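First up is the structure itself, then whatever we jot down about it.
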Amino acid sequence: QVQLVESGGGLVQPGGSLRLSCAGSGNILLLTVMGWYRQVPGKQRELVATITRGGTTKYAVSVKGRFTISRDSAKATVWLQMNDLKPQRTAVYYCTAAPPNYWGQGTQVTVSS
């Protein structure tokens, strides 16, 4: 089993930045991919970014160039640096790790003036 704990969410003004963190514990040696998804009420959870143990990254088109994902594989920790935030980025952000698909409890990000 793997446990994921997110932190770093909060309220930020449009154009601002936030850095999300996710710390994994438990049976972390088998994890190959870690990443972030987000969800707003009434919509499906959607991919934000993922990163493999080897450092290969994948981003949603909407966040490319603004968000950066990074990882410390030895510690099963993943970060998401979010810059130039816009109100439409308001969502609950979830950390994920695979295999299979573990999820954190989510952290709220609100972009509002």
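The values are calculated or read from the model by the stated rules, or taken from the named source; none is laboratory data. On a predicted model such as this, the values are computed, not experimentally measured, just so you know. What goes into the accessible areas is simple: the full protein's heavy atoms, side chains included, and nothing from ligands, DNA or RNA. Shrake-Rupley method; radii C 1.70, N 1.55, O 1.52, S 1.80 Å.
May I ask you to compute the full-extension gain from SER70 to THR90, defined as 0.36 nm times their residue separation minus their alpha-carbon distance, rounded to one decimal in nm?
5.1 nm
Hey, what's the chain come to in accessible area per residue, 1.4 Å probe, Å²?
52
Sequence gap at least 6, Cα distance under 8 Å: using those rules, report the relative contact order of the chain to the nearest whole percent.
It rounds to 37 percent for the chain.
Under a cut-off of 17 Å between alpha-carbon atoms, report the aspartates and glutamates in cross-link reach of LYS86, not counting same-chain residues fewer than 8 places apart.
Correct list for LYS86: GLU46.
When the accessible area of the chain is split by element with a 1.4 Å probe, what percent falls to carbon and sulfur?
Answer for the chain is 52 percent, counting heavy atoms of protein chains only.
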